[in-house]
1. Mind telling me which of the residues R448, R460 ends up being of a type in the set (D, E, K, R) and without any contact (Cβ under 8 Å) to a residue 24 or more places away in the chain?
2. I'm checking my understanding of the structure. Among residues of the stretch 65-97 that are of a type in the set (D, E, K, R) and part of a helix (DSSP H, G or I), which one is surrounded by the fewest Cβ atoms within 10 Å (Cβ to Cβ)?
3. Would you tally the residues in the stretch 426-454 being closer than 23 Å to G369 by Cβ and part of a helix (DSSP H, G or I)?
4. Go through the stretch 118-128 and count every residue that is modelled with pLDDT of 95 or more, part of a loop (DSSP other than H, G, I, E, B) and either surrounded by 19 or more Cβ atoms within 10 Å (Cβ to Cβ) or in contact with a helix residue (DSSP H, G or I) (Cβ under 7 Å, 6 or more places away or on another chain) (or both).
5. Can you name the residue in the stretch 138-156 that is outside any loop (DSSP other than H, G, I, E, B) and in contact with a helix residue (DSSP H, G or I) (Cβ under 9 Å, 6 or more places away or on another chain) and is also nearest to D108 (Cα to Cα) among such residues?
6. How many residues, within the stretch 98-116, are modelled with pLDDT under 95 and surrounded by 20 or more Cβ atoms within 10 Å (Cβ to Cβ)?
7. From the list L423, L408, L384, which one is assigned to a helix (DSSP H, G or I), touching a helix residue (DSSP H, G or I) at 6+ places or on another chain (Cβ under 7 Å), crowded, with 19+ Cβ neighbours inside 10 Å and of a type in the set (A, V, I, L, M, F, W, C)?
8. Which pairs have Cβ atoms under 9 Å, sit 6 or more apart or on different chains, and link a residue in the stretch 371-383 that is among the β-branched types (V, I, T) to one that is surrounded by 18 or more Cβ atoms within 10 Å (Cβ to Cβ)?
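The values are calculated or read from the model by the stated rules, or taken from the named source; none is laboratory data. Note that the structure is predicted; figures quoted are calculated from it, not measured. Cβ sites come from the backbone with ideal geometry, for glycine too, and all protein chains shown count toward neighbours.
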Amino acid sequence: MPARTHLLVPLFALVLTLTPTSRAWSRHAPVPRDAIPGAPVPTPAQVEEAKALFKELGCSHHQRYAPGARGVVDIFTFRCEVTAADLKRVPNLPFAFGLDLRSRSMSDALLKELKGLTNLAALELTSTQVTDMGLRELKGLTGLVILDLHGLPVTDVGLRELKGLTNLTYLTLSHTSVTDAGLEDLRGLTNLAFLLLDSTAVTDAGLKELKGLTNLMYLSLDDAKVTGQGFRELKGLTSLTMLGLYGSSVTAADLKELKGLTSLTILDLGRTKVTDAGLAELKGLTNLSKLHLRSTRLTGAGFQELKGLNNLTYLDLDGASITDEGLQGLKGLTNLNFLSIRGSAVTNVGLKELKGLSNLVTLDLGHTGITDAGLKELKMLPSLSNLYLGRTQVTNAGLKEFRGFPKLTNLYLARTKVTDQGLKELHGFSQLTQLDFFRTKVTGAGIRELQTALPHCKIRN
């Protein structure tokens, strides 16, 4: 994810301040002209006062990054049912803030109570009863930067109501009834940086409506019916760094249409029809740092095509059809620090091919055919810190091999054949901070003894 950049400007004299005698702000109080974008930065005292006020409404507080160089927004979450009386008490804070109204009691009618909140920057409506009709009530909330409509019964009709929200940088329309026709109403939202269209009826035809969204950094089309033909419409989006296509209709032949998206750093092709031959089309995406290929038909025969991706640090092959022989193609990816081959056909033999990955920090071998003997091959990975071995054939005998892992801090052995007797091999590993023995034959007594030996380690059983 891109580094956070703060666009919030210093406080002006016009900004309201909080005092002990001011228990609530009038939503009709004067608001600085620059109230979003460029909303004033709240002082610590203002944030604490706001938290106290919202606590009286049963709300919790957290901060959320506002994409597109908008900084951080303070979000207040209603934990229980939302009522009109609650929303009438919501103050119009003198700085950018957000409301998380994810409740089945939240309806179209209740959205009317938000009208005076001119500094409202974020609104999360997932799992509510809000419909197209309710979106009409958002027209006056022109300071909105984040809008989450995930899973709502919203259609193309509702998108027309969003045309005036030109400060939006983050919009979630995943799992709605939005179609290609509705995307036309997003053309004017040129500040959009994040757009999520997962599990919608959007197709290649709709992607042409996104051409003008040149600030778009993240586009998620998981489980959408898009192909290479639609990708041609995205070539002008030079800011696009993250593209999600998990479960989409993409095939190996479609990947050639991604060549123009040279700014991509994260690409998710999980659960698509991508093959080893198709990986050759990714050669030009030299900025890629994360590549998700889980649940694909890849065997590893095409990994040699990735050798030129020198920035690649994260490779997810969870559930792919990787074989021992296929791992040979990873030798050139020496900058990898994360690798998952969980659920693959890899055995001890294949682990020998990983010895050149000296920067590998996290390795997931869960649900593979790895045994105690295979652990010896991992000693050639000097940076290894996190090792996942759940549902492998590792036994007590294999635990002694971990003496050769000086940087190992997190070890996951759930559903292995480890017992209390083997835990003694771990007593001297003071660097361990997390151990997982879920659904093994390790007993409570064994855990207590190990906890005494490793007092700073969090142990799960």
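1. R448
2. The first filter runs over the stretch 65-97 and keeps only residues of a type in the set (D, E, K, R), leaving 70, 74, 79, 81, 86, 88-89.
Checking the rest, the ones that are also part of a helix (DSSP H, G or I) come to 86, 88.
Numbers: D86: 18, K88: 10.
It comes out as K88.
3. Number of matching residues: 0.
4. So the answer is 2.
5. Only one residue tops the list, namely L138.
6. The qualifying residues number 1.
7. Checking each option against the conditions leaves just L423.
8. T371/N348; T371/T392; T371/V394; T371/G398
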